[in-house]
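Below: one structure, written as structure tokens.
Please treat every number below as a calculation from the coordinates, not as lab data. Computed from a predicted model, the values in this text were never measured in an experiment.
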């Protein structure tokens, strides 16, 4: 009767040791790896300022399978041409678009995105990261949408 208990205890200790070994970095904050955002370049050259008129949007409710178009308006409030270098989304269900031409000081621009609601029933919160020749290296634009799945909502 003692042999199965001893074997079980040995396996339990081995499992705890393996889990501890695999998670050893989580106990050492100085060695913890932080995943950087997709956009990591530091702006170079002349910098300008950007003002978002609607950096957070609530898109309401849509039926699953519909595409949702989002537009984030901004203004170049600086003294240099504003160049949107890169835009990326938090997941593959959202495809962002950036203006290809520089935005002159005082002019307006739009960052567009299309969200595909297929297979995304429920509340969805999405982020679009933007990098430009601005003093702040990365901006995050957010939107949420409730997707009504046919089995969840009649």
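Once fully extended, how much extra length lies between residue 97 and residue 51, figured as 0.36 nm per residue of separation less the alpha-carbon to alpha-carbon distance?
14.8 nm
Please compute the contact order of the range 61-154 in relative form: average sequence separation of alpha-carbon pairs under 8 Å and at least six residues apart, divided by the residue count, as a percent.
Details: 208 pairs, mean separation 33.9, N = 94.
Worked out over the range 61-154, it gives 36 percent.
Computed from the mean reciprocal separation of all distinct C-alpha pairs, what Kirkwood hydrodynamic radius does the range 50-148 have, in Å?
13.9 Å
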